[in-house]
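One structure below.
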């Protein structure tokens with residue numbers, strides 16, 4: 001990879017006998033016990049949210065099935081569609097997603113706003129959060145209904161191979177989402193403005209261009225309207241590629257830390273992570289569909305008469321399928337987290353190499369520790385972390401520093 005070599009900064013040389021483990025421990029010890037305890041409590045709470053999110057979805061789906069709401073909704077959709085199967089499937093999906101969105105609103109409110117307020121992570125008023133929830137629900141309901149229409153149509157017309165074709169369709173949907181989200185979805189929630197000319201902007205663009213990222217601009221997103229979290233990304237595919245960082249990152253970190261973060265994000269692009277993650281999640285979607293193909297008919301055979309589901313032509317088959325999805329999603333949490341974490345670790349190392357700022361990356365890891373447990377057990381990190389932990393990231397940076405004794409640490 002190309003090395004950014006023209007950043008004007010003081011060079012901090014590695015002292016003889018530099019110990020990466022001791023340096024990592026020193027960084028971690030710089031965070032006081034109260035802050036560590038708060039961060040640990042926040043992040044460990046998300047372990048339980050994985051289970052509770054699934055249970056909330058299962059309870060809502062089961063309740064709507066048991067009370068006959070799903071059967072009546074299917075009949076209503078059939079009547080409105082005048083017996084036509086494709087419009088019926090779309091109408092059922094649209095209304096069902098809207099109903100479940102409203103029924104789970106109290107839980108979404110707790111997870112997305114009240115809990116974030118409790119731990120000091122949110123900058124939003126309740127009214128602002130509800131406004132964004134409304135937009136997300138409208139968009140998600142419409143796009144979700146279109147996607148479910150495709151899956152339900154395949155399920156109805158290709159009883160033996162629908163899950164294989166559904167896997168292909170899932171990959172196409174993911175690709176379209178990656179292509180269009182930066183242009184049409186994300187601007188619904190935030191403003192993206194060009195980063196003002198500055199030495200830091202020039203350094204980011206030089207780092208991008210030196211590594212083959214087709215960027216001639218850097219955008220700043222006003223994420224501080226919603227959160228205190230720092231973030232950046234290189235999003236999009238082809239003509240929609242966009243290099244962006246949020247205003248929290250600019251306001252809360254030093255130039256070296258910004259460069260380290262942007263090096264990480266550029267790494268995702270250079271290393272082709274969009275393609276490999278797309279393939280990985282398409283295969284996972286295929287596994288979900290295969291399990292649905294086996295488990296949903298069993299549920300319907302056992303409870304279908306009570307639920308009013310007569311055949312696979314009935315779009316109400318979607319609802320017991322969501323129960324299967326919820327259970328499988330919990331069981332596959334370590335798999336999906338490990339897939340993402342593998343890519344994040346690669347991007348971490350790329351970012352340190354590109355920015356030549358290992359201490360900048362270590363300081364960023366500490367800042368991310370405000371809402372991520374800094375030093376989990378190895379098992380915790382495997383199961384619950386979709387990014388490397390703060391300890392892992394700092395140790396990687398210090399090992400890089402030890403292995404490059406003649407390199408300046410561009411602070």
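Being more than 20 Å from residue 40 (Cβ to Cβ), buried (at least 21 other Cβ atoms within 10 Å of the Cβ) and touching a residue at least 40 places away in the same chain (Cβ under 8 Å) is a description that does not apply to residue 362. Going through segment 305-347 one residue at a time, which ones are free of Cβ contacts under 8 Å to residues at least 12 places away in the same chain and more than 17 Å from residue 162 (Cα to Cα)? Answer for segment 305-347, where residues must be free of Cβ contacts under 8 Å to residues at least 12 places away in the same chain and more than 17 Å from residue 162 (Cα to Cα): 305, 310, 331, 342. Where helices (runs of 4 or more DSSP H) fall entirely within segment 1-95, none has at least 3 residues that are at pLDDT below 95 and surrounded by 13 or more Cβ atoms within 10 Å (Cβ to Cβ). The requirement of being within 29 Å of residue 125 (Cα to Cα) and without any contact (Cβ under 8 Å) to a residue 40 or more places away in the chain is satisfied by residue 243. When residue 225 is tested against (1) in contact (Cβ under 8 Å) with a residue 60 or more places away in the chain; (2) in contact with a helix residue (DSSP H, G or I) (Cβ under 7 Å, 6 or more places away or on another chain); (3) under 29 Å from residue 248 (Cα atoms), only condition (2) is not met. Tell me whether segment 176-190 contains one or more residues that are more than 30 Å from residue 292 (Cα to Cα) and assigned to a loop (DSSP other than H, G, I, E, B). The answer is yes, given that some residue of segment 176-190 is more than 30 Å from residue 292 (Cα to Cα) and assigned to a loop (DSSP other than H, G, I, E, B). Summed over segment 311-357, residues that are in a helix (DSSP H, G or I) and farther than 30 Å from residue 83 by Cβ total 29.
Scanning segment 118-131 for residues that are out of contact with any strand residue (DSSP E or B) (no Cβ under 9 Å at 6 or more places or on another chain) and under 19 Å from residue 53 (Cβ atoms) turns up 118, 119.
The values are calculated or read from the model by the stated rules, or taken from the named source; none is laboratory data. For clarity, every value in this text was computed on a predicted model and none was experimentally measured. For neighbour counting, all protein chains shown are included, and Cβ atoms are generated from backbone atoms with ideal geometry for every residue, glycine included.
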